[in-house]
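Laboratory data are not the source of any read-out in this text; all were calculated from the coordinates shown. Small disclaimer: the values here were computed from a predicted structure and weren't measured.
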Amino acid sequence: MPSEREYQLQPVVQDSVIHNSKTHSNLHSLAASLFGVSAGIIGLESYDGFLFYIVLSTVTTLLFYFLQVAPESLAEKRSIFDTGRYFQSAVDFWTSGILGGLSGFVLTWTLFYGLVQA
C-alpha cells in the first residue's frame, strides 16, 4: 500500500484510469469480433471455439500489458506486475477483457460459421 507521501509525489488521476480502461475494453471488443470471424471461418465448434477465444484473448491482454504497461513500470522502477496505477485493479485488468468481449465473439462466431458452413 503506497504511503501518503508517494500519493503526493505520484498521484493517480481517475480520468486517466477511466481512459485506460475504456481503451483496454475497446481493444478487447474489436479483437473478440475478429477472433469470432476467425473461429467461424475455421469451422470451430463447441469447446474448441471457446478455448480458441480464451487463448487468443489472453495473448491479447499479455501483448497489451507488455507493450503499454510494463515499459512504463520499468522506467519508474516499480514492480513489473503493478497495474493499479493505470487501471482500477489488477483483477479487472486481467479478466475484464475476456468477459467483456465474449458476447461479440459468440455473435460473430455463429454468424461466420453459418455463412461459411452453409
Once you have the Cα-Cα distance between T110 and D92, take 0.36 nm times their residue separation minus that, and quote the gain in nm to one decimal.
3.7 nm
Over the Cα atoms of segment 27-69 the radius of gyration and the largest Cα-Cα distance (Dmax), both in Å, equal 11.1, 35
